[in-house]
1. How large is the convex hull of the Cα atoms of chain B per residue, expressed in Å³ as a whole number?
2. Using Cα-only point scatterers and the Debye equation, what is log10 of I(q)/I(0) for the protein assembly as shown at each q in 0.06, 0.07, 0.08 Å⁻¹, rounded to two decimals?
3. Suppose only helical runs count, i.e. DSSP H with n ≥ 4. What mean residue ellipticity at 222 nm does that imply for chain B under -39500 (n - 2.57) per run, divided by all residues and rounded to the nearest 500 deg cm²/dmol?
4. Can you sort B:VAL362, B:VAL510 from fewest to most other Cβ atoms within 10 Å of each residue's own Cβ?
5. Residue farthest toward the positive end of the dipole of the range A:90-160, with Cβ of Lys/Arg at +1 and Asp/Glu at -1: which of A:ILE146, A:LEU118, A:GLY104?
6. Which trypsin sites (Lys or Arg not before Pro) does the range B:342-420 hold that lie in a coil by DSSP with at most 14 other beta carbons within 10 Å?
7. Counting only other chains, and only Cβ atoms inside 10 Å, what mean value do you get across the residues of B:664-676?
8. Taking the convex hull of the alpha carbon atoms in the range B:534-612, what volume per residue do you get, in Å³?
Amino acid sequence: MADTRDIEVTVNGESHAANVETRTSLGDFLRHGLGLTGTHMGCEHGVCGACTVMVDGEAVRSCLMLAVQTNGHEVTTVEGLAEDDGTLSPLQEAFWKHHGLQCGFCTPGMLTSLTAFLRDNPDPSERDVREAISGNICRCTGYQGIVDAALDVAKTMQKGS
Amino acid sequence: MGVRYLGAEVQRMEDPRLLAGHGRYVDDITMEGMLHAAFLRAPMAHAKIRSIDSSRATELLGVHRVITHADLGAKYSHRMNQLYPAPVIEQDKTQYPLAKDEVCYVGETVAVVVADSRAIAEDALALIEVDYEALPAVVNIRTALDDDAPLAHADLSSNLMGKMRSSFGDIEDSFEKADHVFSAAFMQHRGGCHSMETRGVIARDDPWGDGLTLWTSAQSPYLIRRALATWLDESEERVRVIAPDVGGGFGPKAGFYPEEIAISLAARIMKCPVKWIEDRREHFVSTTTQRDQHWDLEVACTAEGKILGLRGKVTHENGAYVPYGILLPNSSLTPLPGAYSIPAIDVSVDIVFTNTVPNSPVRGAGRPCGIYAVERMVQVVSRELGIDPAEVRRRNYVRSDQMPYETGAKLRGGAPCIYDSGDYEALLEKALDLSDYNSFKERQAAARAEGRYLGIGVSSCIEDTGMGPYEGTTVRVESSGKVAVRTGAASQGQGHHTMIAMIVAGNLGVKPEDILFESADTAKFSHGIGTIGSRVAANVGPSAHDAASQVREKALKLAAEVLEASEADLDIEDGLVRVNGAPDLSISLGELAVKLTPMSAMRVPTGFDPVLEATSFDGSSGAPIACGSNVAEVEVDPGTGEVKVLRYSVAHDCGVMINPMVVHGQIVGGVVHGIGNALFERMIYDDQGQPLTMNYGEYLLPLASEMPRVDVTHMETPSPLNSLGVKGAGEGGTIPAAAAIVAAIENALEEFSVEIDYYPVDPQYLTELIDKGKVQAAE
């Protein structure tokens, strides 16, 4: 029989109790266990960053973390970035405005990575932003729209603060 | 009326749901009773299969079935179909969906396990025992045609798949009257697909209901439907193929794969839906790639640098099978003579088998290779004659007053290649301005004074886009007044929904958000071709425009009757037909639609066909030729061989831009793909055909941290070949990029006399060239 554990994890503010196989990655658990398919598996070896989620606010690759490791922790996925009424977050809006996505597959990982980054680095340079997403591969956009979106949000946040 | 949205930077309509995590890619789809599959793949590049024992795998808890070639029975024992037969294919080889008795590349499908989960199916793979007899493998295209080369398949007569040639003008005469003849030989390597979403398939077979349905991450659902129906010997009507959201395509998802057959058969055998999602390791060994081409060219020119002729020989790596006909070698030759007026060309290609993943187009197909070859030879002329690279180009361009210009080359399908419109020299000047080309020498000298090595490289290209025959659109107004728009063309992120909604909405007089867009489902539109070769805008654009115009005409005619007004006095705005000057008199498109889709016992107004809809297959009456000039500025560290791209400037002309924001995204993304080809992406095999680059630590893709900001400017020279004046834009960023980067590196390292004869230009290779140059200088 497969080795399993009971876990309790809060995902996007909602708590879940689940019995998971110990070998199941967090990404697979979110996608197939909870049906949160917004988190995408791109390489499953920790380089492409498409599967990035936030665990207790830190950007984490959900292909390299086991589901059991999130027991007692809080996970935020791309589905948790917008307001409850569906209003997109400022970063999501900026991606839309700056054409920061094409096929949309790397987008959830870009959004979660940058959400955590901009919270901790509210006034980044273009170089900072490029370094921040150097662990997220995008094959479509050439990154420019993504970088512009992040800088635009940072600028707006600065004005607002 | 008006095409109000054409040319506007409309934010994409597909984005909000993708941004919120509500995309629907293949792996996001689940079904009641669905099982999961994993493939056992060949571990050797060439081997005989003596026997397969799957008994232990079958016993594993959660495993439902292990399927091999022998389990498929006589009806399904044949090889895959050749999608693009061509007379030049001397030896055709397509693979079996599951290998029969010989494997010819690492990664070839051998067996498929069906289990309760993907993890269990993968566990079971390790329990299948295959007895292989290793055979010698051929990997190097430079020696593949030698008499003693191992054969890629046991029953080939040689590794020559076929030969092609592009020949026009009087080549002998050109070389005889030339002041100079220069030669150059170089290898080109283009990497793989590496869409962030790997491939994936779900098959459901319902013989008493819908028939066979496939959800697949693909660019050409109709091609898959036909290929699958043909292979199964069944009616196309009983096969439905749907491409849902697709996470990038770039060419390799435009074909037909063994997994699509094997998963269909697995669903049929298991009598339940079966899903297979490719993992990234499989992507490296089983998704088609482009890889090596060797070019050996001579250029004939006058003392002033006017090119008179180009001749030579190409060796093209085909990989182990021929899934895609001769599309790649063909599209490598078609772009010759590039943006230049070269009176005579004679270039032949040997297409050779190797024991590696089969070949398919990757962004641009052969065009980046053909353009690179031309640009390299222009560079050679510039260097040997000491004429500025920009000036050599000016002296050779096809001039705008020569349009339409017939090059002498043939397009796929045999039609003559005719440059329809454009001003290549003006475009170059725009690129030079954008890049501050004229002040580069000062920047270079200032940097050199600090011990830094800067270089600049120029490259120009043409791109044949909008390949026919058509890509149709249906526009139908429904009772709510919303407008259903359907086309066959699949999107992999190009923004088709937005582009088509803009065209239809502007033409019909509704808001873009009132468009209900559906595409890439063979059950919902009669026939489509595919999203390849920058062809959708130049084909769906005109068909959407025409279908919307027809619906508009019909609506106005009917409204004129209902409102008892003259058609000439009517206009449609926000879905409402109004009479000019009589603001109270109006009828909505929805109400008009109801009149043409009545309930029982009611009548359709006399003189009108039922349903407020129209279908059009209007497209481009030839290949609109897009063009571009790029300037790359790099810094090279001669100690480490590191290349930094400091600036990258693009002047591009894809005719009338439907949505400049989307075009910009295509160009920038394309450039970065091209920079990846030039500097990073390399799929390496050892001499036994074992792939050595199997993850993103070993195979390098361009990252945000290494990429420059790409500056883009446009010209809009309308194409005369379609109703909108548009040309394709999907690949024009990629095509000229490698040539610009390589020229810039050489320019930076001029004092070391570095001549690059291979890309990607990695640091090790570059330091070797620099060291060689230093030794030569010392001698």
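1. Output value, Cα hull per residue: 183 Å³.
2. One equal scatterer on each Cα of the protein assembly as shown leads to -0.43, -0.59, -0.78.
3. After summing the helix terms and dividing by residue count, I get -8000 deg cm²/dmol.
4. Numbers: B:VAL362 27, B:VAL510 24.
So the residues, fewest neighbours to most, are B:VAL510, B:VAL362.
5. A:GLY104
6. B:ARG399
7. Rounded to a whole number, the mean comes out at 4.
8. Values: hull volume 9.2 nm³, N = 79.
Output value, Cα hull per residue: 116 Å³.
Readers should treat all values here as calculations from the given coordinates under stated rules, not as data from a laboratory. Everything numeric in this text was worked out from a predicted model, so none of it was measured. Every residue, glycine among them, receives a Cβ derived from its backbone with ideal geometry; neighbour counts consider all protein chains shown.
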